[in-house]
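> What follows is a single structure, and I will ask about it in a moment.
Here, each number is a calculation from the coordinates, and none is a lab measurement. Fair warning: this is a prediction, and the values are worked out from it, not measured in the lab. Don't worry about glycine lacking a Cβ; one is built from the backbone with ideal geometry, like all the others, and counts go over all protein chains shown.
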Amino acid sequence: MTRFQSPFVRVCWYLSLAILAVPFVFPFLWMLSGAVKSQTEIFAPTLTLLPETWHWENYAEVFSYQPFARQYFNSLYIACVVTAGTLFISSLAGYALARIRFAGSGLLLLLLISALMMPEEVTIIPNFFLMKWLGLMNTHMPLILLPMFGSQGVMATFLMRQYFTALPPELEEAARMDGLSRFGIFWKVALPLSRPALAAVGIITFLFSWNLFLEPLVFLSDIELFTLPLALSNFTDAYGLPLWHLQMAATSLAVVPILVVYIAAQRQIVESFALSGVKG
């Protein structure tokens, strides 16, 4: 009897999941629909996903309204630099906290974890005065340095530390008997084995940097230096009202790298959150 009921149960599960997915999928479909509608049609009394007239010129207007291509490049290269720097620093720091015993290592780890409890809104003011004192205002350096050495860097270090802690110590002992130094063990043994953790940290860091909004809002004033999250809020008319058709067209272009990352590495994204629970 169970064999005959299993297809029915499976269909019920699929239908339930499809219904639960509607609130998450519908805003995305509405964004794609609004990207090819006119401003007036978006607020039409009749709610329709398919536009009456397809305004593909909205995408061209996005690039003519402001330097959107430059802003797109700004977000892309900043996210790549932050990801590469965070991977380098967090892998070294995570390995040191996991494998090197030194005085105060436990206290240092506790201080790093406590930094995750402090919201960015609390640290943005001292960071503002620090960057102003360093002469880095209206540059991309705060958007690169703060994520690498801030809360995102701390989380990356913690994830890498948890992964290195779970590695069998016998691997290091065998490498040490072969004459490898501490850095040689890290570079030739531990780091190649940590590719899943590196992939997870890289994905999370890239998404964090790509979606960063508060820091660009505080540190940037030149429109040529804007990143995408800040540029999306700049599609307004002369009265400061949003141009929704342009905002939706620009947003649909901005989510392309995020979709590519999620589709290509969704397994690593899920596993990355499990890494923080590894015993160590």
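> Name the residues whose placed amide hydrogens come within less than 5 Å of the amide hydrogen of T236, ignoring near sequence neighbours (fewer than 5 apart) on the same chain.
Long-range HN contacts for T236: L243.
> Which value in deg cm²/dmol, rounded to the nearest 500, describes the helix-derived mean residue ellipticity at 222 nm for the chain, given -39,500 (n - 2.57) per DSSP H run of n ≥ 4 and division by the residue count?
Working: 16 runs with 199 residues, N = 280.
That comes out to -22500 deg cm²/dmol.
> Which FRET efficiency, nearest 0.05, do C80 and L180 yield, Cβ-Cβ r, R0 35 Å? Each step should come with its number before you reach the end.
On the way: r = 31 Å, r/R0 = 0.89.
Taking R0 as 35 Å, the efficiency between C80 and L180 is 0.65.
> Using the crude model of +1 on Lys and Arg Cβ and -1 on Asp and Glu Cβ, and no other charge, please compute the dipole size for the chain relative to its Cα centre, in debye to 20. Mind dumping the intermediate values first?
Values: 14 positive and 15 negative charges, 232 e Å.
Dipole about the Cα centre, nearest 20: 1120 debye.
> For the stretch 123-196 and the stretch 1-75, what is the separation of their C-alpha centers, rounded to whole Å?
38 Å
> What FRET efficiency comes out for the pair L32/L116, r = Cβ-Cβ distance, R0 = 35 Å, nearest 0.05? Walk me through the numbers on the way to the answer.
Values: r = 35 Å, r/R0 = 1.01.
My answer for the efficiency is 0.50.
> Still on this model: Using only alpha carbon positions, build the gyration tensor of the stretch 1-100, then give the equivalent ellipsoid semi-axes as the square roots of 5 times its eigenvalues, largest first, whole angstrom.
38, 36, 9
> Enumerate by residue number the chymotrypsin sites (Phe, Trp or Tyr not before Pro) in the stretch 30-88 meeting two conditions: DSSP loop (anything except H, G, I, E, B), and at most 13 other Cβ atoms within 10 Å of the site's Cβ.
Numbers: sites: W30, F43, W54, W56, Y59, F63, Y65, F68, Y72, F73, Y77, F88; in loops: F43, W54, W56.
Taking the stretch 30-88 and a limit of 13 other Cβ atoms within 10 Å, the loop chymotrypsin sites (Phe, Trp or Tyr not before Pro) found are F43, W54, W56.
> In degrees, nearest 10, range 0 to 90: what is the angle between the Cα axis of helix 120-134 and the longest Cα principal axis of the chain?
80 degrees
> Could you calculate the FRET efficiency of A44 with D222 from 1/(1 + (r/R0)^6), where r is the beta carbon distance between them and R0 is 41 Å, rounded to 0.05? Numbers along the way, then the final one.
Details: r = 37 Å, r/R0 = 0.91.
The formula returns an efficiency of 0.65 here.
> Now a separate question. Gain in length, V11 to W133, computed as 0.36 nm per residue apart minus the alpha-carbon separation, to one decimal in nm?
Taking 0.36 nm per residue and subtracting the Cα distance, the gain is 37.7 nm.
> Please compute P(r) over all alpha-carbon pairs of the stretch 161-258, binned at 5 Å starting from zero, and give each bin as a whole-number percent.
Percent of Cα pairs in each bin: 2, 10, 15, 13, 11, 7, 7, 8, 8, 7, 5, 3, 2, 1, 0.
> How large are Rg and Dmax for the stretch 84-210 when only the alpha carbon atoms are used, in Å?
16.5, 52
> How far, in degrees from 0 to 90, does helix 2-34 lean away from the longest principal axis of the Cα atoms of the chain, to the nearest 10?
That works out to roughly 70 degrees.
> Would you kindly derive the ³J(HN,Hα) couplings of the stretch 213-230 from the backbone phi angles with the Karplus curve 6.51 cos²θ - 1.76 cosθ + 1.60 (θ = phi - 60°), listing them in order in whole Hz, with x for Gly and Pro?
10, 5, 5, x, 5, 7, 9, 10, 10, 8, 4, 5, 9, 4, 9, 4, x, 6
> Oh, and also: Hey, what angle do you get for helix 151-166 against the long axis of the chain, alpha-carbon based, 0 to 90 degrees rounded to 10?
50 degrees
> Let me know the Rg and Dmax you get for the stretch 58-275 when you use only its Cα atoms, in Å.
20.3, 72
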